[in-house]
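Below is one structure; the comments refer to it alone.
The values are calculated or read from the model by the stated rules, or taken from the named source; none is laboratory data. Quick caveat, the model's predicted, so the values are computed rather than measured. Every residue, glycine among them, receives a Cβ derived from its backbone with ideal geometry; neighbour counts consider all protein chains shown.
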Amino acid sequence: MFYDLLPLTKIEIQWLKYCVNNSKAKLFLEENQLSKLKEIFTVEENDLPISSINYYDKFKSHNEIADTDIYIDNFKKIVKAFTDEKVVKINYKSVNNSTRLVNIGLLEYSNKDDKFRIYCKKENSVSVYNLEKINSVEILSDSYDRNLAEKNIKNYILNQRKEITLEFTNVKNIPDRLLTEFTPWEKLCTRLDDRYNVTIKYDKPDSLEIVTRLLPYGKNIKILKDTGNVKAELENRIKKQLSM
């Protein structure tokens, strides 16, 4: 058997088998490569019950568009354009299906919502596009400085990053509830005697979702610091409710 020749356990082979059968494998490997790997990674036992795993750090969604040939072709063209530092023309799904010329500075996979997106430098601004909403990609002959585009985009992302620090005690099981609630975000939690402090890092576009998730905790949490507008929005909503 294959696992008798290589230092791989049966569970490791089952995991590799799951990876090559995952729809995203087509984004990185050719069909003949996948076929060969599928022949190699065979085990007598049942496949891993991946569908039974309950993820707490990502939203549950199945994107059928990501399984199509058009999506795969667009992804590979974007990777090639990014590698070769070529300008691309994309047709983006919107009200009018607009066409745009962009310089790709960053290709990102979000584990939270299970999506690929590209950050593009466009004159004096930065635009973000979800790959699932891109109808077509055309690689042009024009070149650009990818390092400069990447630098500008990283500065943009850094400016979008905000932090909020909360204080709470162990009442109503708040530590477990809150840490589970904010699993998708990067955070640091410390315990000070009978109090807990947690600092949550979030992107500016996530502000509304942070507000929505914090509201149910009411007076059981205290905001010590906020570099964004979450605290102000919470105070505004509470004032509106009290005035009703």
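Odds and ends about this structure:
- A Cβ distance below 8 Å, combined with a sequence gap of six or more or placement on separate chains, defines the contacts here; from the stretch 178-195, residues that are more than 20 Å from R161 (Cα to Cα) reach residues that are aromatic (F, W, Y) in the pairs L178/F168; L178/Y217; T180/Y56; T190/Y196; R195/F168.
- A single member of D73, D145 is at pLDDT 90 or above and closer than 21 Å to L158 by Cβ, and it is D145.
Residues checked against (1) at pLDDT below 65; (2) assigned to a helix (DSSP H, G or I); (3) within 17 Å of D114 (Cβ to Cβ):
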{"position": "D4", "(1), (2), (3)": "yes, yes, no"}
{"position": "P7", "(1), (2), (3)": "no, no, no"}
{"position": "W15", "(1), (2), (3)": "no, yes, no"}
{"position": "V20", "(1), (2), (3)": "no, yes, no"}
{"position": "L34", "(1), (2), (3)": "no, yes, no"}
{"position": "E45", "(1), (2), (3)": "yes, no, no"}
{"position": "L48", "(1), (2), (3)": "yes, no, no"}
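- Inside the stretch 71-114, residues that are in a strand (DSSP E or B) and either farther than 30 Å from F182 by Cα or over 22 Å from the mean Cα position of the chain (by Cα) (or both) make up a count of 13.
- Residue match in the stretch 109-130 (condition: of a type in the set (A, V, I, L, M, F, W, C), out of contact with any Cys (no Cβ under 8 Å at 6 or more places or on another chain) and either loosely packed, with under 15 Cβ neighbours inside 10 Å or assigned by TED's automatic domain parsing to the domain that holds L29 (or both)): no
- Residue check, K60 charged (D, E, K, R), modelled with pLDDT under 75 and surrounded by fewer than 11 Cβ atoms within 10 Å (Cβ to Cβ): yes
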